[in-house]
Amino acid sequence: MRSILALTALCLALAAPAVAQTPSGTRLVLADAASAPGRPVIVDGASWRCEGTACTATGGANQPATRACRRVVARLGTVTEFTWRGTALSAEQIAACNA
C-alpha cells in the first residue's frame, strides 16, 4: 500500500512542474502606457497583467485571435502587437482590431 502511495506522489510531483511551466503564448503590447491597468483585468476569462505597455494573460475562452483582440482592445485600448494562444496577428489584423 505504501509503495502505491509513494508512486502516486512521485507521479504527481513530476507532472505538476510541467503543467505550471507551460507558456500560454498570450501577450500584447499597448500603444499607450497610460491605458495599462494597474491591476489584473479579466476579459473573456483571460486574466491580463501588465508591466508598462507589455501585458500577458493566462486562461481565456476558446475563440479566434482576431475576436480576442477586439475584446481586449475594447477594454484596454489600442495595441501594437497581439498574440492569442500562440497565434500572432499580422499588422493588417492588428489595424482591423484597433479600428
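Quick note: the coordinates plus some simple rules give every number you see, no bench work behind them. Because the structure is a prediction, the values reported are computed rather than measured. Positions of Cβ are generated from backbone atoms using ideal geometry, with glycine treated the same way; all protein chains shown enter the neighbour counts.
Residues with amide H under 5 Å of Arg85's amide H, sequence separation 5 or more or different chain, H placed in the peptide plane at 1.01 Å from N; which?
For Arg85, the qualifying residues are Thr26, Arg27.
Roughly how many nanometres apart are two label points built 7 Å out from the Cα toward the Cβ at Arg49 and Gln93?
2.6 nm
Can you pull the Rg over Rh of the range 23-98, Cα-only, Kirkwood?
Details: Rg = 10.8 Å, Rh = 11.9 Å.
Rg divided by Rh gives 0.91.
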